[in-house]
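Chemist: Quick one: this structure, given as structure tokens, is what I'll be asking you about.
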Amino acid sequence: MCCGPLPVVSSRDVAFMAVMPLACSRRTASPVAGPAEGPTAGEGLDPVLGAAGFGDRLRHLLADMQADPRLTRVNRIAAALYEPATDLVKTFVHASDGPDPVGSLSVRLSAIPGMVEAARTGLPLVVDDLSAGGGAAVTLGLAQRGYRARCVMPVLHNGTLFGFLFYNSFHPGVFSRAALAALRPHNRLAAMMIVHELSLLRTVLAAVRTVRNISVHRDEETGGHLDRMSRYAQIVARRVAPLHGRSDEFVEYLFHYAPLHDVGKVAVPDSILRKPGRLTPEEFAVMQTHVAKGLEIVATIQHDLGFARLPHGELLRNVVGCHHEAMDGSGYPNRLKGTAIPLEGRITTVADVFDALTSVRPYKAAWSNAEALAFLKDNAGNRFDPDCVAALVDQFDAVEEVQRRFADMTDSAAAAD
Ligand SMILES: [Fe+2]
Ligand SMILES: [Fe+2]
């Protein structure tokens, strides 16, 4: 069943979102101090647009929809993001009446013909009764938890696929033509929120790329290191985030922000950064300043781009500011210990070190995977978060897939190990 053309997001809509004031929640104490991110949540703002994070905004949106008599039987809304480089559709945020029936997932878009067609045409994909059988594991999971009807909407902007919005009901046949018409403005708002959120993110990432490009060419930063380590961070985060009450939204932002961990190295002279040998204590002290410099760059970008609210800005500052801290307090710059190191810092450290060990660097050959894993395990608990190390070890098939996909031409020896 299908209705008229989907209301895709227009440039005008996004421009509107870009100037719209967005509040964030009161900031909690952070190991890495950063600029204030805008007004405190609450007074005078629409609850959907004024909520602290995308997940909260989606929950308010679901409540708004359920207040509409035509949409009271919509019990779940979820957003998934599309990554063109890997063709993966990744769960991002959901709001449900009850526990999450899907969990953390990423699947290839090309493996789901119905969604490929929805992305091509911009039309919603409706299933009236999931219990009829067939379909992917996600469909079975939803049906097993009592969901019956489903509507999938592609999120398209200027011909680019950003992701999908999913609407589910415990009742069959809910997404009639009339219901889809009622859903239209809510879906448009949700789609605008996704486009706005990702546009902000892409602007930050583009600004950082510019900073890098005006500095001296750095093999370490421009090679596959950033592609690989951000995906290792994602693999680890998917496993450990639920243990700490963190959502897919956390995992997704960590994936995007992890490659910025060493942005401050633009301020370190090549004579130190590329020295083919041990650094002197004086040189090491200069090298360590890349953390503080990175935090300065993030603050400058945030200020200069005029962001009232950088999405998950604290997560970004913790990635940059805490990726050299160690569990036993022997790291830098603040010698934080254990869980005083933010989770995103602990994950980034394991992902970054594993890739550094298994890659060629000016001062060393690539270690084998076995050697690198042994080093991580030997240092789990003193230098590295043991849960993060275990997550990497337990999911090594996924790690090797990343190595195959993003191998450097010059240092693929470890991938062959
Ligand atoms: Fe670093
Ligand atoms: Fe790195």
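Where a number appears in this text, it was derived from the coordinates with a stated rule and is not lab data. On a predicted model such as this, the values are computed, not experimentally measured, just so you know. All Cβ positions, even for glycine, are placed from backbone atoms using ideal geometry, and neighbour counts span all protein chains on display.
Chemist: Going by how many other Cβ atoms sit within 10 Å of their own, how do ASP397, ASP68, ASP352 line up, fewest first?
Modeler: With the sparsest Cβ surroundings first, the list reads ASP397, ASP68, ASP352.
Chemist: Based on alpha-carbon centroids, what's the gap between the range 390-410 and the range 104-128 in Å, whole number please?
Modeler: So the two Cα centres are separated by 27 Å.
Chemist: Something else now. Can you compute the charge dipole magnitude of the range 218-415 about its Cα centre, using +1 on each Lys and Arg Cβ and -1 on each Asp and Glu Cβ, nothing else charged? Give it in debye, rounded to the nearest 20.
Modeler: Charge dipole, the range 218-415, about its Cα centre: 260 debye, nearest 20.
Chemist: Step through the table entries LYS90/LYS293; LYS265/LYS364; LYS337/LYS377; LYS90/LYS337, compare each Cα-Cα distance with 30 Å, and write down the pairs that go over it.
Modeler: Check vs 30 Å cut-off fails for LYS90/LYS293; LYS90/LYS337.
Chemist: Want the number for ARG209 to THR160: 0.36 nm per residue separation, take away the alpha-carbon distance, what's left?
Modeler: Full-extension gain reported as 15.5 nm.
Chemist: Sticking with this structure for a sec: Got a sec to turn the phi values of the range 392-403 into Karplus ³J(HN,Hα) couplings, 6.51 cos²θ - 1.76 cosθ + 1.60 with θ = phi - 60°, whole Hz, x for Gly and Pro?
Modeler: Result, ordered by residue: 5, 5, 5, 10, 5, 4, 5, 5, 5, 4, 5, 4 Hz.
Chemist: Let me ask another. What do you get for trypsin sites (Lys or Arg not before Pro) in the range 270-359 restricted to DSSP loop and a cutoff of at most 10 other Cβ within 10 Å of the site's Cβ?
Modeler: ARG278
Chemist: Explain nothing, just the number: relative contact order of the range 218-415, from Cα pairs under 8 Å at least 6 residues apart, as a whole percent.
Modeler: 25 percent
Chemist: On a C-alpha basis, how far is the centre of the range 170-185 from the centre of the range 221-283 in Å? Whole number, if you could?
Modeler: 44 Å
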